[in-house]
Amino acid sequence: MGREFIARVKVDGRRFTITSEREYPGHLIAFVHPRRRHDRGRLGRLIHGASADDDLTEMRFKITDSPTGRHGLVTNIAVAHRKRHQGWATSLVRVLLQRYPGVVWTVENPNEKSGQLFVKLANQHPGRVLPPVVNTRYAGDDPRRYGTFLRP
Ligand SMILES: CC(C)(COP(=O)(O)OP(=O)(O)OC[C@H]1O[C@@H](n2cnc3c(N)ncnc32)[C@H](O)[C@@H]1OP(=O)(O)O)[C@@H](O)C(=O)NCCC(=O)NCCS
């Protein structure tokens, strides 16, 4: 099944596209990608300005409706190497905050990088982003250090 277009969203001066993977009552599974830039080539034809590396920047998420509200889970987030530390992951999550105002977000199976990203986002957007559980008994590279926030 192909991906269905949901929306174009502009955040932090960057343009993104949201596409759905699956949608059924109470559930949406979807992706956010940076929009491909189109540049004019030497012959005036439109060519793809985005490199293959840009394709590596993507975020997958789920939204689940439940009696306690709409819960959002980022199930995967990756930024192309050459784009890292420029706020792209932050912008990807902000796309969700802008497009889905009633949803509270958290991250699935965070590692050190995405764990820190969500700690920071939870401080910036209290009530909209839940911080991961950080177990400081374990070192930064230990997979047991970060856990997904479990709702009661
Ligand atoms: C995690 C990842 C998506 C972050 O992307 P990014 O665009 O570089 O992140 P940002 O520039 O938006 O950084 C935002 C915050 O994330 C955290 N962060 C980002 N890279 C980090 C790193 N290497 N170590 C620790 N924290 C990091 C920091 O809190 C950072 O805030 P700061 O810049 O004020 O310190 C990127 O490093 C990546 O693709 N990693 C490989 C895939 C991966 O591990 N994904 C997570 C598991 S699904």
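Considering the conditions (1) within 6 Å of the ligand (Cβ to nearest atom); (2) more than 27 Å from Tyr24 (Cα to Cα); (3) touching a helix residue (DSSP H, G or I) at 6+ places or on another chain (Cβ under 8 Å), His81 is excluded by exactly one of them, (1). Close Cβ contacts (under 8 Å, 6 or more residues apart or on different chains) running from residues in the range 77-92 that are under 11 Å from Pro34 (Cβ atoms) to residues that are near the ligand (Cβ under 6 Å from one of its atoms) and small (Gly, Ala, Ser) comprise Val79/Ala89.
Remark: pairs (first residue in the range 116-141, at pLDDT 85 or above; second residue part of a loop (DSSP other than H, G, I, E, B) and aliphatic (A, V, I, L, M); Cβ separation under 9 Å; 6+ apart in sequence or on different chains) = Phe118/Leu130; Ala122/Leu130. Scan the range 92-128 for residues that are assigned to a helix (DSSP H, G or I) and surrounded by fewer than 20 Cβ atoms within 10 Å (Cβ to Cβ) and the total you get is 11.
The values are calculated or read from the model by the stated rules, or taken from the named source; none is laboratory data. This structure is a prediction, so every number in the text was calculated from the model and none was measured. Note that we place each Cβ from the backbone using ideal geometry, even for glycine, and neighbour counts take in every protein chain shown.
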